[in-house]
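The values are calculated or read from the model by the stated rules, or taken from the named source; none is laboratory data. No experiment lies behind these values; they were computed from the predicted model shown. No Cβ is skipped: glycine too gets one built from the backbone with ideal geometry, and neighbour counts run over all protein chains shown.
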Amino acid sequence: MSRDKVSNKNPNLLRASGDIRKRVIRSDALNIDSDHIDSEADENLLEEQYVKELAEKHSEGSKKVPKFLSSALKGLPERWKNWVVRGISMTVMISTFCLLIAGGPLALMILVLAIQVKCFQEIMQIGFVTYRVDEIPWFRHLTWYLLTVSNYYYYGEYFFDYFGPPLNRIESLQFLIKSHRFISYCLYLFAIIMFVLSLVKKYNTRQFHLFAWAHVALLITVVPSYLIIRNTFDGLIWFIIPVSLIIINDIMAYMFGFFIGKTPLIQLSPKKTWEGFIGGGITTVLFGLVLAYILCQYLYFICPIDYSEEADKIVILNCQPSYLYIPQEYKISIGNFETVFNIQPFVLHSLSLSIFSSIVGPFGGFFASGFKRAFKIKDFANVIPGHGGIMDRFDCQVLMASFVYVYINSFIRDPSPQKILSAIYTLSPKEQLNFYYQLENHLNDLNLLNL
Amino acid sequence: MSDSSDKLSEQEQELRRRNINNLGSGDLQINSASINNDKNINTPNAYDSDKENLIDNETVDSDHIDSEEEKLPEEKYVDELAKKLPQGTDKTPEVLDSALKGLPDRWKNWVIRGIFTFIMISGFCMMIAGGPLALMITTLAVQVKCFQEIISIGYQVYRIHGLPWFRSLSWYFLVTSNYFFYGENLFDYLGVLFSRVESLRFLITYHRFISFCLYCIGFVWFVLSLVKKYYMKQFSLFAWTHVALLIVVTQSYLIIQNIFEGMIWFIVPVMMIVCNDVMAYMFGFFFGKTPLIKLSPKKTWEGFIGGGFATVIFGVVFSYFLCRYQYFVCPIEYSETAGKIVLDCEPSYLFRPQEYGIRIGKTETVFTMYPFLLHSLSLSIFSSVIGPFGGFFASGFKRAFKIKDFGAMIPGHGGIMDRFDCQFLMATFVNVYISSFIRTASPQKLLAQVYNLKPEQQLQLFHSLKENLQNRNILELS
């Protein structure tokens, strides 16, 4: 990814675009004041022209086919060729995914981190091309610096709990842990100061646009990746199920659309159809239930991940399956008809997850489609043949990861009394006594104490 | 090449002339006055705007690199922005206008700024007297106004008035984020109060989930509202809204957290920034010579350094006075017995005079002072050195979008955002400082957490606590 790749590619393009813009401005001259929705036609001509040139600068990913496959598939018609390439890449991705799950929590964390960095790079690349960053000195470095600082903040803040014990033994690192927020904030401030000092009058507007772009990109990539890892620490199943749900929804919607698709779903993505949406939704729910039922049985997937003293690293603990994964009795009475059935509560949770992934999940994809249309690009990058960039595959995962995190926090993760107790013991004795009396009063009010 | 760019600048001049003649409202002609030599509408030669006009003089002829070819589509329309946004610095209320008729323009501006500075500071003092609740409401009001100012600029930049629903969408996101953040704060600290009411308990326990669902609704609404020709603008405004929320709402959340630690943690930082502003202005006015940074030609090194020293001294003195009063020093707590918010506590270690010994060579001096003064020293150093960068950032932003002020609410000063740009950086710093170096576990917060547990768990916790306290002889066995 050389810095000069874009500008060297087509110097004529830049000059030509300048001429186009000049011509359009002159004809546009008298219309600048009106911003009434109907008369926007001329102004849009200006923008579309500019954006069309942008499209030529971005490279196309979906049509790229590795050479050896190309020769192997020479005989087949275009449509099937594309299908096969997509199928092969998909199989490769899914097998890698399974391998990494077998690799354990550390491998997963590294994978998530790597994906996050690549997604960030893809999003920033679009911004760089749109706002012509090559002329702005140091901006690329600034964005990478911001990525590093945000990762440092998140991983340090929430995961030093897990790396805590080994780190606590080293005296000098104690200070780093205690004033972690302060240090991260100072590092971030440094970025702001550098940005302010680097403002060049000529590029002011573009620099601010790019700065905002970087922040939004961070919000989209770093925060969900941190949430995914936090989910994983509650048990691998909380990582596997959401990710698989989104993948299945994608594939099934595609299949249904391919075979029986007719009514278009939304203007943004003309390829999507109502048949695909509904068919994909139903299959996702069914698949989710089955997968949840199967995975519930194995300790490897359901035990939380924590730091283990003996092994001196992060492992999946040997645990007692929590109440969620043990079949419970549920009674349903509809009128006079009553059934009792045994099911693990987790399967019911996976039902809500699959409903969310079928209904709201695709909106992440529509958002990304709209974004690509706005900037007239076909794909985010061309890393995966047949599919485009990494971000293309992970656009829906962002929404899903946030939902799973909030869901766990609200409905599953019980605040542990143990943690609160240990916090109480850090207070001064007088405050502890006060606390005790207040709690006693409260429980008395609730008639819980039988004094 | 140069031929065509000359022609273009002629074209541009023609354009601007035509547009200026088409304009209705009067008091906004700062940027374009320099291009046409006609004496345009009121361009008061206020002390501030003198140097600002220079910028636009240069763009047309000399800076040929800045020609049309280099600009992005939005940037061309940006020049028209200033005419559409209300600008406050040169607005004078009629009342004062007649009273000050006799004075020359420069002094008139000075007097107006002075009067409104005084009004703002007295307003601030009244809020403090009103107590923590008044402060929180003020913060909320200020935040909403700042958001509105930033969003108006966004609308102007992207010229998106015609689209239905877009304004409502931004306001919806503002309401949702406020609901989330204020809920977090209030439930944490005042959870004790809320958990008494059964129906509210549901809101507390599932607060994050409810906020997330509200956000998702906004997200889905945005996707459904995308209109074919406006994708780029809509996405840009969506990002603009999020960045504005990031700047405005998160900072006000942090400010409220600071207030809960004790009002002194709110008053001292705010006053430091105000003092730094005023002192830097004074020093610059009387001694200013060497310009500080290209972004803000008015700022000088003399103002910066003088203002810095004055702020440090003022900070130390001011903290010394405030340290003694419980009203400022106590964390905000809800007392169940009194049934309201009380500010009654034993001053923490920070606010009690401690002894410090300094040994320089053979002489050793021992002096007593409040530890808080040391903290206020670091706060004042930050506000003098880094604080102004918030102002530079806002100046750069205003230059980028060619506006003079964020709004027109305060005559002589501009919009609310103009006054609060440095405060945001400071508020985050204070919050991070407190959570890293000062904050210890708060019993109120813990109590609120306990009340969130299931009743069986609360009982269990109570018994474990009772046993533990009895074992350590803190609680008498009864």
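Looking across segment B:451-478, the residues that are in a helix (DSSP H, G or I), more than 7 Å from chain A (Cβ to nearest Cβ) and either modelled with pLDDT under 75 or loosely packed, with under 13 Cβ neighbours inside 10 Å (or both) come down to B:Glu456, B:His463, B:Glu467, B:Asn471. Scoring A:Leu100 on the criteria (1) at pLDDT 85 or above; (2) surrounded by fewer than 18 Cβ atoms within 10 Å (Cβ to Cβ) leaves a single failure, condition (1).
For segment B:308-326, filtering for residues that are at pLDDT below 85 and farther than 19 Å from B:Ala129 by Cβ leaves 0.
Restricted to segment B:426-446, and to residues there that are facing chain A (nearest Cβ under 7 Å), modelled with pLDDT under 80 and surrounded by 17 or more Cβ atoms within 10 Å (Cβ to Cβ), the residue that is nearest to B:Asn276 (Cα to Cα) is B:Pro443.
Return the residue satisfying two criteria in turn: it lies in segment A:361-412 and is touching a Gly at 6+ places or on another chain (Cβ under 7 Å) and part of a helix (DSSP H, G or I), and of such residues it is modelled with the highest pLDDT. For segment A:361-412, the residue satisfying everything is A:Met400.
Working carefully through the options A:Leu236, A:Leu299, A:Leu265, A:Leu286, find the one that is without any contact (Cβ under 8 Å) to a residue 40 or more places away in the chain and touching a Phe, Trp or Tyr at 6+ places or on another chain (Cβ under 6 Å). Give the derivation first.
Values: A:Leu236 fails: without any contact (Cβ under 8 Å) to a residue 40 or more places away in the chain; A:Leu299 fails: touching a Phe, Trp or Tyr at 6+ places or on another chain (Cβ under 6 Å); A:Leu286 fails: touching a Phe, Trp or Tyr at 6+ places or on another chain (Cβ under 6 Å).
Exactly one residue qualifies, and that residue is A:Leu265.
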